[in-house]
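Notes to accompany the following structure.
What follows is calculated from the coordinates using simple rules that are stated; it is not laboratory data. It should be emphasised that the depicted structure is a prediction, and the values quoted were computed from it without experimental measurement. All Cβ positions, even for glycine, are placed from backbone atoms using ideal geometry, and neighbour counts span all protein chains on display.
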Amino acid sequence: MGSILVTGAAGFVGSHVSELLLARGERVIGLDNFDPYYDPRFKRRNLAQVAARANFAFVEADIRDSALVSNAIREHGADRVVHLAALAGVRASINRANDYVSVNVTGTVNVLDAARAAGVKQAVFISTSSVYGATARVPFVEDDPAGQPLAPYPVSKRAAELMAYSYHNLFNQPIAVVRLFSVYGPRGRPDMMPYQVAYSIAKGKPIPLFNNGQMHRDWTYVGDIAAGIVGALDRAGGFGIYNLGRGEPVLMADFVNILEELIGKPAIINDVPAPPSEPPITYADVSRARAAFGYSPNVSVADGLEKFWAWFREQPELA
């Protein structure tokens, strides 16, 4: 049996995908460089959870190092690839366009090249709903042109999507592109809104909320996202783009209210205007993923946030 290379395996989503694959008996090769975009301690905790399982090996490497990426695939006999490694963050990308292109475009080309050379039978590239920008076509459908992303991060992801298609076209490389909507849950990144809101409420600190919370996001539980990614991995052959969301946009103010009830304290809200990098709504049409590989998100936001809070309250940052 071959193994699966998971880039970004120490990250939020990557650690969940790795666990899910290991739980069904796969051999997983995790690759991560512990980029300091957020505190690497969070990633090392994630990795410790995954590394405790059998059939897991880890390679510390940067996807911008093409030789190391190629070696990781070749030496461990990887026949499938899940490519999650990326420089994340929409707002953080605004003044770092060169860095985002270097990691998210050039790094992805290195992964695609290594996968092609090794003859992998399926690759999954993780993209983002942010590629849709402020499209007027709601819910978001995969055949939208996605030609006006609002910041360098989604631009870099859209460019990588197009590069993935070119590899399929030129080399018949089987690739599934999955566009993740707003992911939350245990191990959530400290720079993301759920973590920041929960921390601020728990500590009694003010939290900025764009447009007084009158924006909608398609919050999707990380377990559902991980299952969707694995479903795309199992769909061998061809090229396809798939939305992975819940398909039920939630008002940001309501999202905060659920956390307030779970924590038992009110949020101290600072109403601030939404920056131009933020669309008013994200909303996934998931019918294509459902038809292609049975994607079926089933965790409600209320239940998912309860799971998130149960994890969050045990974190040492709250001590």
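A full extension of the chain between GLN214 and ASP254 corresponds to an added length of 13.5 nm, given 0.36 nm per residue minus the alpha carbon distance. Taken as Cα centroids, segment 287-314 and segment 197-244 sit 9 Å apart, rounded to the nearest whole angstrom. Using a Debye calculation, one point per C-alpha and no hydration shell, please list log10 I(q)/I(0) for segment 56-126 at q = 0.16, 0.23, 0.27 Å⁻¹ in order. Debye curve over Cα of segment 56-126, log10 I(q)/I(0) at q = 0.16, 0.23, 0.27 Å⁻¹: -0.56, -1.00, -1.25. Amide H to amide H distances under 5 Å link TYR295 with ARG290, where only residues 5 or more positions off or on other chains count and H is placed in the peptide plane. Residue separation of ARG41 and ASP271 scaled by 0.36 nm, minus their Cα-Cα distance, works out to 79.7 nm of gained length. What shape does segment 88-164 take by its C-alpha gyration tensor, where a ≥ b ≥ c are the square roots of the eigenvalues and a/c under 1.5 counts as rounded, a/b above b/c as prolate, and the rest as oblate? In terms of gyration-tensor shape, oblate. Mean residue ellipticity, 222 nm, helices only, the chain: the sum of -39500 (n - 2.57) across DSSP H runs of n ≥ 4, divided by residue count and rounded to 500, is -12000 deg cm²/dmol. Given axes a ≥ b ≥ c from the Cα gyration tensor, I'd like to know whether segment 40-91 is rounded (a/c under 1.5), prolate (a/b larger than b/c) or oblate. The shape class here is oblate. Taking amide H as placed 1.01 Å from N in the peptide plane, ARG179 has its amide H under 5 Å from the amide H of SER127, TYR242, ASN243, LEU244, each at least 5 places away in sequence or on another chain. Counted as membrane-span-like here are DSSP H helices of the chain whose alpha-carbon atoms extend 20 Å or more along the helix's own axis and whose Kyte-Doolittle mean is -0.5 or above; these are 152-171. Using every pair of separate Cα atoms, the Kirkwood estimate puts the hydrodynamic radius of segment 168-276 at 15.9 angstrom. Using only side-chain charges placed at the Cβ, +1 for Lys and Arg and -1 for Asp and Glu, the dipole size of the chain relative to its Cα centre rounds to 340 debye.
Within segment 126-207, the proportion of C-alpha pairs whose separation exceeds 15 Å stands at 66%. For the pair segment 92-144 and segment 16-72, the centres of their Cα atoms are 19 angstrom apart. Among the listed pairs LYS265/LYS307; LYS43/LYS307; LYS157/LYS307, give every one whose C-alpha distance is greater than 21 Å. The answer is LYS157/LYS307. Here the residues HIS216, HIS16, ranked from fewest to most Cβ neighbours within 10 Å of their Cβ, fall in the order HIS216, HIS16. For segment 256-287, the residues whose backbone nitrogen is under 17 Å from a point 7 Å from the Cα of LEU318, taken along Cα to Cβ, are 256-268. Annotation for ASP303 and LEU170: the two label points, set 7 Å from Cα along the Cα-Cβ direction, are 4.5 nm apart. Multiplying the residue separation of ALA117 and ASP191 by 0.36 nm and removing their Cα-Cα distance gives an extension gain of 23.1 nm.
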